[in-house]
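Visitor: Take this structure, written in structure tokens, and hold onto it; I'll ask about it next.
Computed from the coordinates by the stated procedures, all read-outs in this text should not be read as laboratory data. For clarity, every value in this text was computed on a predicted model and none was experimentally measured. Cβ sites come from the backbone with ideal geometry, for glycine too, and all protein chains shown count toward neighbours.
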Amino acid sequence: MGNITEIIKNDIRTIYKNPIVVLILLVVIILPSLYAVLNVDACWDMYGNTDELSFAIANLDNGSSYNGEKINVGNGLVDELKNNTDFKWTFVSEDNLHKGVENGTYYGGIVIPKNFSEQIISITTDDPHQAQLEFYANSKTNPIGSRLADSGAKEVYRTMNAKIVEFINVAAYGKLGELQDGLSSGSIQLSSGAVQLSSGASQVSSGASEVSSGASKINDGVNEVSSGASQVSSSSSQVQDSAKQLEEASSQLPDPIKPYVESSVKLANASGQVAEGASSLAKGSVSLAEGSGDLANGALSLAAGSQLLANSASSALFTAAYSLSAAAGSLDDITGIDEDKLGDYFYSPIKLEKHDYYSADTFGSQIAPFYIVLSMWIGGVITSVMIKPGTSAGTKYRPIELYFARLVLFILISILQTIVTLTGISLLGMNIANPALFVFSTFFVAAILMILMYSFVSAFGTVGKVFGIILLVLQISSTGGIYPAELTESFFRALNPIMPMTHAITMIRESMLGTFWPNYHGALIYLVCFGFATIVISVVIKRFYDEKAQYLEDKMKNIDLL
């Protein structure tokens with residue numbers, strides 16, 4: 001117990017007498033909390049900032065017309081999205097949409113096709129089909145961003161489906177009701193015409209009987225026959241009118257109903273022709289009666305024939321009216337519309353077809369670039385902690401010589417660390433779009449990050465390790481490796497384009513999930529310039545600061561606690 005007490009007293013005395021120890025301990029205590037606090041703060045209200053996510057809309061809808069009124073569903077959708085703050089809706093041409101989604105400017109995009117409105121009103125025809133929106137996404141851009149883009153696209157087409165179902169209820173069902181009413185009205189008119197035709201035939205028969213009774217009664221009979229013939233002619237006209245109305249109504253019906261109605265129309269026309277024949281026969285009988293009493297018997301025969309024809313026409317019209325009425329009553333059963341098609345339309349009037357430029361099999365594949373780069377940076381930190389970069393103070397070597405000599409060792413270690421990482425990735429069975437480019441990119445990124453971390457420690461000693469850890473914490477929140485940088489606070493959004501890990505993740509992502517060369521080349525050039533600048537600055541600093549750094553290291557050697 002005495003030895004333990006002595007060690008504790010010595011540690012307390014060391015901390016109290018050396019301000020450097022106090023500072024380092026404070027860093028060790030605070031740094032882990034910064035890692036948690038800064039990241040939680042950066043992502044505190046992430047989904048509340050989705051209005052910063054760019055989502056492109058290309059409206060190509062040419063519109064259409066319904067009941068004489070012009071409609072453009074695409075324009076209506078655009079107007080509604082202008083008031084929607086869920087995303088940063090951007091209205092562009094189709095070409096710009098494709099380019100923007102591919103290069104990562106937009107997290108997603110929807111193309112409204114030219115015939116969108118025509119597809120919407122197809123429910124009013126006998127060939128209803130789903131309207132289709134084209135949804136384009138780039139899953140490679142950002143794992144969370146692509147998921148949010150999917151949600152945005154689905155919300156758009158769910159909203160449109162609701163509006164189209166409303167259109168169906170108001171317009172399509174109303175149209176079917178009008179057609180059914182037209183059929184019922186036509187059947188009533190046919191039945192009325194048949195009644196009048198039958199009545200006219202009876203009068204013709206009565207007139208003919210009077211003609212046969214004798215010449216004295218010829219004139220009276222002639223008048224009655226003539227009157228009956230007129231009614232037959234009138235009935236014939238009504239029949240013809242009814243047939244014409246039926247024919248016009250049939251043009252609005254679906255194809256499966258048309259054969260029924262066309263048959264009724266043909267029958268009605270035939271009946272009308274029969275009635276006209278009956279009228280002509282009746283008039284002929286009148287002429288014969290007026291010419292000679294001897295022809296009275298012939299007039300009687302002709303009148304009888306006209307009555308027979310008229311009765312046949314009347315019977316045919318009654319049959320046609322009954323058939324047409326039955327067709328109207330069972331309209332729902334004989335529309336001829338494909339039930340599967342109609343069911344699909346009512347369930348989902350709009351079909352959303354997704355086109356993914358760079359698909360990823362799993363969410364792990366999407367976030368792998370971030371964690372690969374993160375492991376490289378941590379590897380650099382661990383290496384810098386475990387291996388001394390050394391100083392030229394008290395040696396025969398110049399600072400620049402010592403810097404490059406030890407840099408080779410550190411880069412070699414980074415390569416070995418990367419080989420282990422690649423082995424683990426391959427064991428996971430992860431699909432790599434471009435294996436050769438991926439291997440080169442991982443080695444290159446590991447070397448650049450190791451150069452940066454090594455240069456911190458070589459130039460500034462132990463203080464350089466603190467710089468490397470602080471930079472790591474800042475980059476986790478600002479590089480957009482998992483969450484889009486646009487969802488973080490403005491401070492982290494400003495850091496995003498200048499952080500080396502941002503471009504390192506881009507290189508790994510492009511080689512792993514599918515290469516968009518402008519993005520890859522931009523990241524490669526940035527890291528080359530960043531690495532070169534780091535080396536130059538570190539050599540300059542080491543030349544003038546090397547002895548001071550060694551002094552600090554010597555002081556810390558004399559502190560048992562450190």
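Visitor: Could you pull out every residue, at least 5 positions away or on a different chain, whose amide H is within less than 5 Å of the one on Ile71? Hs are placed 1.01 Å off N in the peptide plane, and Pro or chain starts have none.
Guide: It is Ser64, Ser65, Tyr66, by chain and number.
Visitor: Got a sec? How would Leu23, Leu81 order by Cβ neighbour count within 10 Å, fewest to most? Display every interim value, and only then the final one.
Guide: Numbers: Leu23 12, Leu81 21.
Placing the least packed residue first, the sequence is Leu23, Leu81.
Visitor: Peptides 68-79, 493-504: what's the order by average Cβ count within 10 Å, highest mean first?
Guide: The most tightly packed comes first, giving 493-504, 68-79.
Visitor: Also, I was wondering about something else. Exposure proxy check: Val528, Val27, Val101 ranked by fewest other beta carbons within 10 Å? Numbers along the way, then the final one.
Guide: On the way: Val528 12, Val27 15, Val101 25.
Ascending number of Cβ neighbours within 10 Å: Val528, Val27, Val101.
Visitor: Continuing with this model, one more query. How high is the FRET efficiency between Glu353 and Thr14 when r is their beta carbon distance and R₀ equals 60 Å, given to the nearest 0.05?
Guide: Working: r = 70 Å, r/R0 = 1.16.
Here the calculated transfer efficiency is 0.30.
Visitor: Take the alpha-carbon centre of segment 404-423, take the same for segment 96-115, and report the distance between them in whole Å.
Guide: Cα centroid of segment 404-423 versus Cα centroid of segment 96-115: 41 Å apart.
Visitor: Continuing with the same structure: Can you tell me the length gained on complete extension of the stretch Leu409 to Ile387, counting 0.36 nm per residue apart and subtracting the Cα distance? Before the final figure, lay out each step's value.
Guide: Details: separation 22, 0.36 × 22 = 7.92 nm, distance 0.99 nm.
This chain segment gains 6.9 nm when fully extended.
Visitor: Could you give the length gained on full extension between Glu547 and Trp517, defined as 0.36 nm per residue of separation minus the Cα-Cα distance, in nm?
Guide: In short, 6.3 nm is gained.
Visitor: When only alpha-carbon atoms count, how far does segment 406-562 stretch along each of its three principal axes, as whole angstroms with the largest first?
Guide: The principal-axis extents, from largest down, are 52, 37, 31 Å.
Visitor: For the residues Leu487, Leu552, Leu428, what sequence is obtained by ranking on other C-beta atoms within 10 Å, fewest first? Write out the running numbers ahead of the final one.
Guide: Details: Leu487 23, Leu552 16, Leu428 10.
Fewest-to-most ranking of Leu487, Leu552, Leu428: Leu428, Leu552, Leu487.
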